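The values are calculated or read from the model by the stated rules, or taken from the named source; none is laboratory data. Note that this is a predicted model, so its numbers are computed, not measured. Ideal geometry is used to build each Cβ from the backbone, glycine not excepted, and the neighbour counts take in all protein chains shown.
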Amino acid sequence: MNLPMNLLVEQASSRLGSMTPEALIELVRVAFRAVPRPACTLADAAVAEQWGDEHYRFEELDQRWEDIPDEHLILDCDPFCFLPTTSWIYYLPAYMVFCIQHATPPRPDTRRHDT
């Protein structure tokens, strides 16, 4: 069942305060589940960024954004600038999940607050 994006956003905003990282990742997975692999890939963008130098191409075996290895996401953010919108939509959830999984939990505020 695909939910409309506005319903997903509404559900997320009402639960964000108590949402666990796992629940947030699941929300991303549901929202982006049907996004097809684009014609222009991150490897294509890396080559474009380097003025067409094929030396910068890397092999992409993913067929779904969920299968993109972390190594490809942390290589370099610059190629992202060379991707068309359809490619952004494919790679964005992979970056979102990566960031959620590798986020440092906030430390408790130890500063004294005088009222």
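A few points about this structure:
- Evaluation of Asp70 against (1) closer than 13 Å to Phe32 by Cβ; (2) in contact with a His (Cβ under 9 Å, 6 or more places away or on another chain); (3) not polar (S, T, N, Q) (one fails), failing number: (1)
- Given (1) free of Cβ contacts under 8 Å to residues at least 40 places away in the same chain; (2) more than 22 Å from Glu26 (Cβ to Cβ), number of the condition Trp65 does not satisfy: (2)
- If you check Arg111, Arg37, Arg107 for being at pLDDT 90 or above, on the phi < 0 side of the Ramachandran plot and of a type in the set (Lys, Arg), only one passes: Arg37.
- Scanning segment 61-88 for residues that are part of a helix (DSSP H, G or I) and touching a Cys at 6+ places or on another chain (Cβ under 7 Å) turns up just one, Ser87.
- Qualifying residues in segment 40-60 (those that are modelled with pLDDT under 85 and not in a helix (DSSP H, G or I)) - the one nearest to the chain's Cα centre (by Cα): Glu60
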